[in-house]
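Everything on this sheet refers to the single structure shown next.
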Protein chains: 2
Amino acid sequence: VTRVLDAIAFDGDDTLWHNEGLFSMTQERFRALLADWVSPEELDARLLETERENVAVYGYGVKGFTLSMIESAIEVTNGNVDADTIYRILSFGKDQLRHPVELLPGVEATIDALAGRYRLMLITKGDLFDQESKIARSGLADHFDVIEVVHEKEPDIYRRVLRRNTIDPAQFLMVGNSVRSDVLPVLELGGRAALVPYHLTWELEVAEPPREHDGYWELEHISQVPELVARLDGDG
Amino acid sequence: VTRVLDAIAFDGDDTLWHNEGLFSMTQERFRALLADWVSPEELDARLLETERENVAVYGYGVKGFTLSMIESAIEVTNGNVDADTIYRILSFGKDQLRHPVELLPGVEATIDALAGRYRLMLITKGDLFDQESKIARSGLADHFDVIEVVHEKEPDIYRRVLRRNTIDPAQFLMVGNSVRSDVLPVLELGGRAALVPYHLTWELEVAEPPREHDGYWELEHISQVPELVARLDGDG
């Protein structure tokens, strides 16, 4: 029996563990810190604009976010923010980097159900040091045959990852929470993708789901992945 | 004829292209910026101490360095530094991230002399986004069979890189400028290492060279690598 799937890859942030929730928590602290200067809406808009400008130079991750918060704080206060406030922003960033890794519900059972039957991969985007630290703290590292931290989730980068692990895209399923990063580039290569939405999506990640594509599935929960896999491989 | 060497790996920063020189340049601007507040010596000492404390949470790279400069500026001024000064520090960091990649002399000829005859690898440590950007801008990416960005250069990490590329450590030569990162962990695995010193070394990278080890060579210039390789493989 030839199986359809050979390798199943999971995204990390907001797929296996909470991430955007931590950014929201930090941003909430940031709003409170600057509440005397600026409304939450105005601050959010300024921060998003700053992040959008800075992503080409900082990439993704908490350090770049911290630098963007500092830049935004200076701008919204017309250069009147005091050093103590900046110091607080630095500490918010460190708190987020040091925050415990919290697995999402159902993650461990899902990984356990698939381990040994498929090549399991973790393909995560962002700051290498922070991602490696989260992977280590997640306790999941040993369950994955391949772990790749990439700086951007584009078709060429997925292609390189699959090639160097000798995986046929037609036998590859990606599971993640981002249409832009986990779904569209994988479908473009001829792979399959399952979206497991997280309740928060960073605005720079928002994209239209390809609902008509027959290699795309929207799940409600990660624990539905083994069932999808079984159905694809004809034993479900 | 069985050759001694199969794969030759190069470090990136300060081995293939200038890096520590850019940190020095930024730090010089930082000293000038705070010259009214603190002596260069005192500022350098404070910054180094801050970096030492922060490396466990930020890892290596320009973003962490920028955050450490901001933290140091607040501390040495007892919280009296103004926002414009912080803004300048942010811009120093961005300038460094955007700085053109300058190859060191002899790098291209050295890589050309070895390409096609050995598996060539680039193993570089630091911030993934910044390193990938530098690799792309270096124009060297196509010359390497394997490119690995790692968050730390420790024996276990080298072991993992060699294993997943099916390289026997006994047939592996690492070329780099850091005794701590490029030499000691590779010798520990049973590999060989050639040190090509750069004129500047970050204090957190300083280590004692293993001059008695027979798998270790100190070269004066990267252009001596092909000669060393030929000697090791008995055709020089």
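Collect the residues in region B:175-184 that are in contact with a helix residue (DSSP H, G or I) (Cβ under 8 Å, 6 or more places away or on another chain) and open to solvent by 30 Å² or more (accessible area, probe 1.4 Å), keeping them in residue-number order.
Passing the criteria: only B:R180.
Out of everything in region B:185-236 that is hydroxyl-bearing (S, T, Y) and open to solvent by 30 Å² or more (accessible area, probe 1.4 Å), what residue ends up being modelled with the lowest pLDDT?
Taking the candidates together, the pick is B:T201.
Hey, A:F65 hits all of (1) in contact with a Leu (Cβ under 8 Å, 6 or more places away or on another chain); (2) of a type in the set (F, W, Y); (3) under 18 Å from A:R31 (Cβ atoms) but one; which does it fall short on?
It is condition (1) that A:F65 fails.
Checking B:V81 against (1) within 10 Å of chain A (Cβ to nearest Cβ); (2) touching a residue at least 24 places away in the same chain (Cβ under 8 Å); (3) not in a loop (DSSP other than H, G, I, E, B), only one condition comes out false. Which one?
Result: B:V81 fails condition (3) only.
Scan region A:120-130 for residues that are crowded, with 20+ Cβ neighbours inside 10 Å and at pLDDT 90 or above and jot them down.
The answer is A:M121, A:L122, A:I123, A:T124, A:K125.
Taking region A:183-226 only, how many residues are in contact with a Leu (Cβ under 9 Å, 6 or more places away or on another chain), part of a helix (DSSP H, G or I), farther than 30 Å from A:R46 by Cα and not hydrophobic (A, V, I, L, M, F, W, C)?
1
Only one of (1) out of contact with any helix residue (DSSP H, G or I) (no Cβ under 6 Å at 6 or more places or on another chain); (2) under 26 Å from B:K63 (Cα atoms); (3) open to solvent by 10 Å² or more (accessible area, probe 1.4 Å) fails for B:L140. Which number is that?
That leaves (3) as the condition not met.
Quick check: anything in region B:34-41 under 27 Å from A:R88 (Cβ atoms), open to solvent by less than 60 Å² (accessible area, probe 1.4 Å), within 14 Å of chain A (Cβ to nearest Cβ) and in a helix (DSSP H, G or I)?
No.
Does region B:42-61 hold any residues that are open to solvent by less than 50 Å² (accessible area, probe 1.4 Å), within 13 Å of chain A (Cβ to nearest Cβ) and assigned to a helix (DSSP H, G or I), and which are they?
B:T50, B:N54, B:V55, B:V57, B:Y58
Among the residues of region B:148-165, which ones are open to solvent by 70 Å² or more (accessible area, probe 1.4 Å) and either more than 12 Å from chain A (Cβ to nearest Cβ) or in a helix (DSSP H, G or I) (or both)?
Result: B:D156, B:R159, B:R160, B:R163, B:R164.
Do you know which residues across region B:101-147 are more than 14 Å from chain A (Cβ to nearest Cβ) and assigned to a loop (DSSP other than H, G, I, E, B)?
Within region B:101-147, B:V101, B:E102, B:L104, B:P105, B:G106, B:G116, B:R117, B:G139, B:L140 meet the criteria.
Name, by its number, the condition in (1) at the interface with chain B (Cβ under 8 Å from one of its Cβ atoms); (2) of a type outside the set (F, W, Y); (3) assigned to a helix (DSSP H, G or I); (4) open to solvent by 40 Å² or more (accessible area, probe 1.4 Å) that does not hold for A:L97.
Result: A:L97 fails condition (4) only.
The values are calculated or read from the model by the stated rules, or taken from the named source; none is laboratory data. Remember, it's a predicted structure, so these values are computed and weren't measured experimentally. Virtual Cβ from ideal backbone geometry, glycine too; neighbours counted across all protein chains shown. Accessible surface areas use protein heavy atoms only, side chains included; no ligands, DNA or RNA. Shrake-Rupley method; radii C 1.70, N 1.55, O 1.52, S 1.80 Å.
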